[in-house]
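Read through the structure below, which is laid out as structure tokens, and then see the notes.
The values are calculated or read from the model by the stated rules, or taken from the named source; none is laboratory data. The shown structure was predicted, so the numbers you read here are calculated from the model rather than taken from an experiment. For neighbour counting, all protein chains shown are included, and Cβ atoms are generated from backbone atoms with ideal geometry for every residue, glycine included. Heads up: the accessible areas ignore ligands, DNA and RNA and are worked out on the full protein's heavy atoms, side chains in. Shrake-Rupley method; radii C 1.70, N 1.55, O 1.52, S 1.80 Å.
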Amino acid sequence: MIFTLARLALLHLALYNATPIQRAAEDGYQPRVEEAPGSALAGLIALGPGLLLHGAGHYKIDRKESALKLLLIEALGLALIAAGEIIEEVSDGDGAYGWLSNGMGRTGALLFLGSWGADVLGAFKGDRPFEPDNTRLRSAQLSLAYRYTGDQLTLFRHHMSAALDLSSGWAYARPSVALEAGMNTRRADLDMGAYLLRGHWLDVGGDPHNLIALGGRLHRIETPLYGLGRRGGELYLKWKLDLGLLLPTMRALYIVNRAGYGFSQYQLSPTAGQVPPLLGDSDFTDSALSWESGVELNTGAQTHFSLLFIQDPNLETSPISSQMGVLEVALEHRYEDDLDIEARITGGDGWAIWLELGYQL
Amino acid sequence: MCTCALWGCVSESPVIARERRSLAAQAVVLDARTQVRVQGAVITHHQIGPPHRVFIRASSLDLRVDVIDEGCAPSVIELEVDQLITPALTSHRTFRAALAPRVIAARAASEGALGWQGDVHDPSWTALDEEAIFQAARADKRARWSVRLDRSQETAQVAKGHGVFGVEASTPGACATLDTETGGLGRAALVLRHRLRLDPKALDEAPLRFAVWGNSAENTKQRDALIAQLNADPNLRFLILGGDLLAAGEPEALAVELAALAALNVPLFATLGERDVLKDAPLLAGLGPATLAFDAGAARIILLDSADATLAPDTYTRLDAWLSDASLWWQQPAPPLRLVITHTPPFDLFGSRGAGFKHRPEAGRLLALLSRARISGLLTFHLATWATRRRGEVTVYHAGGGGAPLEGGGDDHFYLQVSLLGGCAPRGQVGGVAGAACDAQAPCGEGLSCQAARCVACAQIERVSLSTPID
């Protein structure tokens, strides 16, 4: 009884009234649209010549409006890349403008690669949509995970973590803890935020998976082996958008993006094997931008796939470079509505495999 | 080892590959019985003879060169060392690389009660003579000499220059008696150990001064100004390059820069920057190893290869040893100071730009290690600016103003001049702080030296403009 009440309380954290159509949208209802078939030739055109002229593949399958949009996105991406370089040049590499030149360059590169990728994928498969996104809109989930890290720089291999995933229609919170098997490193994180906008708030039949959220993350990471403690936080803005709103061939393929700015305070212990207390003095503070960009889609009714480029200074996996970050591929499968199994692979200079089991409370 | 990413194992991590190559370059096998090993140096190339020729590049002020002969016929090797410090004291000693059974037994039986017998640096070898000074033919920063080893006679000869010794045939059965002699050293190799170091008398002329210059990116005007300024300073001992000597890692550009830097009166040692490693320039032969440590007066100078914005995993193990009081390749007390030089700073001045180490947990790990070691300073050269920051107990110098376009514009390029004062208090000594009065009864604390009755930092690090003449 108490458990049921608690569950109800978690699920209804705020007053939320949805219309039947909106609830149907939450369940994945999508109206039919006119479909155009894809073709292998169009895909190859998008792969080859389309690398320079984005949209060539869509043009081949008679999606001229989409082709033009892709071309414009490509142009915008190139313009942002150039703008980032110009800012770097004009400022003589002044670090104070690093965030701007980095941000513009990265956004431009993502737009460029994204428009090309969308052209290739859409040209091959045509208008047939992907499966509806089955990401839970409201959730109270306890998950346990095992992570194996293959990073030559560290001795840390085996990690266990536990997390609580709480989400209502308008806010979310995700506290988690992770421990290395030998207790050589341990961390605690809290990620929480509020949705500023969800697709079904705007109109009937709108997709609730289209969203904008504002959030914050706090972290505490202790590595006694190195005599190092870190604590910090960041503010971020994240958004998720069905690319099908722009390109009919990309229905139910979502682009996701998160941009954040935060700080970490570093505590250096005079003795290896110890970590200064959580509330102790810090030795110095470092700031950082974080980025996360990629795509999400359902490959099956109950199987969710995501591909992300992540640039996060607090990630344990060593990145390819400061600019490129790490690549993460995740596959999550849902069993009988209350059990999620997720496999995730992260690769950079080091790599990690993550296996997680989540249970809906 | 592979760097495994999502797309599978690709080629070996570049920084690991560079470290592996520089460690492998510390030994060369000339034939089935003869090899040369070095420490505080690398072997850049060799020619198989007879006579064999071995070319060595110094990467310290106190090299060790071992010529090892396991054969029987006399062997002749001609050696050449480049980037040798001046003035250099060169000496050698001959060994059999084993101890006689009676010596082993006597030491074990006495349990240390007997007086020490044997070479302090190689106690498990049998010395055949005393340490002897030899003269090498010197030309600028090069030294050449020849050696002749004859294990059957347990002799080694050293001569100045090349072309001194002829090639001799072996005598049948020459080692038969030697190898089978009861109670003897069996087949133990004959080892001729050389030591080439900065003349200790020069160390008495405090302070020991050197220059550090980085991020020049093939700026010929600043390079030539630097050479002129350093050559005009008779008290300067050596130059360290802090990385990014090259603009795009071109092999041809490296040859041009090295040819110009040959005009320097002093040797140079170097670590690498991200631009140096962009292509396949022969960096090891031209600049020596990028991760190394050597003792210079009151300081142990440590160079770390951070060209890829990370360190090789094994570097942390070596760094641990270098930061401790353990001796390097000669058994002598470690100096009191530690000075670390690397190209990429662990943390950028502007975190949002992220031009420091690519993995910030690693950056924190490195700073925690250096902070515990209470190093005198961490000199970095990636950021084209001049700034200092305190990170824990570490003062980080951002000094990448060697010639590349400066942040914020301007052309006030510079290098660093480091002076190591004598009379430095040993590590762990508690005493007066910087600026405090001092004398024999009130000494200074660690890292400080009593100069004119005041405690001052033993390592004086100054920014010197490339447009400023030396006083």
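Given (1) outside any loop (DSSP other than H, G, I, E, B); (2) surrounded by 21 or more Cβ atoms within 10 Å (Cβ to Cβ); (3) within 11 Å of another protein chain (Cβ to nearest Cβ), where does A:ASP340 come up short, assuming only one miss?
Checking A:ASP340 against (1) outside any loop (DSSP other than H, G, I, E, B); (2) surrounded by 21 or more Cβ atoms within 10 Å (Cβ to Cβ); (3) within 11 Å of another protein chain (Cβ to nearest Cβ), the one that fails is (3).
Consider A:ARG230 against the criteria (1) within 9 Å of chain B (Cβ to nearest Cβ); (2) touching a residue at least 60 places away in the same chain (Cβ under 8 Å); (3) open to solvent by 60 Å² or more (accessible area, probe 1.4 Å): it satisfies all of them except one. Which criterion is unmet?
The failed condition is (3).
Mind listing whichever residues of region A:316-332 are outside any loop (DSSP other than H, G, I, E, B) and facing chain B (nearest Cβ under 10 Å)?
Across region A:316-332, the qualifying residues are A:VAL326, A:LEU327, A:GLU328, A:VAL329.
Of everything in region A:243-267, what is under 28 Å from B:ARG390 (Cα atoms) and open to solvent by 20 Å² or more (accessible area, probe 1.4 Å)? Give them in sequence order.
A:TYR261, A:PHE263, A:GLN265
Answer with yes or no whether A:TYR195 is in contact with an Asp or Glu (Cβ under 9 Å, 6 or more places away or on another chain) and aromatic (Phe, Trp, Tyr).
When the stated conditions are applied, A:TYR195 does not pass them.
Okay, residues lined up against (1) in contact (Cβ under 8 Å) with a residue 60 or more places away in the chain; (2) hydrophobic (A, V, I, L, M, F, W, C); (3) open to solvent by less than 10 Å² (accessible area, probe 1.4 Å):
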position	(1), (2), (3)
A:ALA96	no, yes, no
A:TRP99	yes, yes, no
A:VAL120	yes, yes, no
A:PHE124	yes, yes, no
A:PRO175	no, no, no
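Checking A:GLY182 against (1) open to solvent by less than 10 Å² (accessible area, probe 1.4 Å); (2) out of contact with any Lys or Arg (no Cβ under 8 Å at 6 or more places or on another chain), which test does it fail?
Here A:GLY182 clears every test but (1).
Quick one: which residue in A:GLY294, A:GLY347 is farther than 24 Å from A:ASP207 by Cβ, buried (at least 18 other Cβ atoms within 10 Å of the Cβ) and small (Gly, Ala, Ser)?
A:GLY347
When residues of region A:48-93 are filtered for being closer than 21 Å to A:PRO37 by Cβ, among the acidic types (Asp, Glu) and either outside any helix (DSSP H, G or I) or open to solvent by less than 70 Å² (accessible area, probe 1.4 Å) (or both), how many remain?
1
Here is a yes/no grid of residues against (1) in contact with a helix residue (DSSP H, G or I) (Cβ under 6 Å, 6 or more places away or on another chain); (2) more than 30 Å from B:LEU319 (Cβ to Cβ):
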{"site": "A:LEU68", "(1), (2)": "no, yes"}
{"site": "A:ALA79", "(1), (2)": "no, yes"}
{"site": "A:ALA123", "(1), (2)": "yes, yes"}
{"site": "A:PRO132", "(1), (2)": "no, yes"}
{"site": "A:LEU153", "(1), (2)": "yes, no"}
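Does any residue of region B:454-465 turn out to be touching a strand residue (DSSP E or B) at 6+ places or on another chain (Cβ under 9 Å), open to solvent by 50 Å² or more (accessible area, probe 1.4 Å) and part of a loop (DSSP other than H, G, I, E, B)?
no
With respect to B:HIS398, is the statement that it is touching a residue at least 40 places away in the same chain (Cβ under 8 Å) and open to solvent by 10 Å² or more (accessible area, probe 1.4 Å) true?
The answer is no for B:HIS398.
Out of the residues in region A:261-315 that are under 17 Å from the mean Cα position of the chain (by Cα) and assigned to a loop (DSSP other than H, G, I, E, B), state the one that is nearest to the other protein chains (Cβ to nearest Cβ).
Here the answer is A:PRO313.
Considering region A:139-151 alone, what residues qualify as being at pLDDT below 90 and surrounded by 18 or more Cβ atoms within 10 Å (Cβ to Cβ)?
Correct list: A:SER139, A:ASP151.
With the structure loaded, tell me whether B:GLY403 is open to solvent by less than 40 Å² (accessible area, probe 1.4 Å), touching a helix residue (DSSP H, G or I) at 6+ places or on another chain (Cβ under 9 Å) and either aromatic (Phe, Trp, Tyr) or within 11 Å of chain A (Cβ to nearest Cβ) (or both) or whether it fails that test.
no
Considering each of B:VAL54, B:VAL103 in turn, give the residue that is open to solvent by less than 20 Å² (accessible area, probe 1.4 Å) and either without any contact (Cβ under 8 Å) to a residue 40 or more places away in the chain or under 30 Å from B:ALA263 (Cβ atoms) (or both).
Sole residue among the options that is open to solvent by less than 20 Å² (accessible area, probe 1.4 Å) and either without any contact (Cβ under 8 Å) to a residue 40 or more places away in the chain or under 30 Å from B:ALA263 (Cβ atoms) (or both): B:VAL54.
Does region B:253-272 contain at least one residue that is within 17 Å of B:THR220 (Cα to Cα), small (Gly, Ala, Ser) and assigned to a loop (DSSP other than H, G, I, E, B)?
yes
What about A:LEU357, is it within 21 Å of A:LEU190 (Cα to Cα), open to solvent by 10 Å² or more (accessible area, probe 1.4 Å), more than 14 Å from every other protein chain (Cβ to nearest Cβ) and among the aliphatic types (A, V, I, L, M)?
Against the criterion (within 21 Å of A:LEU190 (Cα to Cα), open to solvent by 10 Å² or more (accessible area, probe 1.4 Å), more than 14 Å from every other protein chain (Cβ to nearest Cβ) and among the aliphatic types (A, V, I, L, M)), A:LEU357 qualifies.
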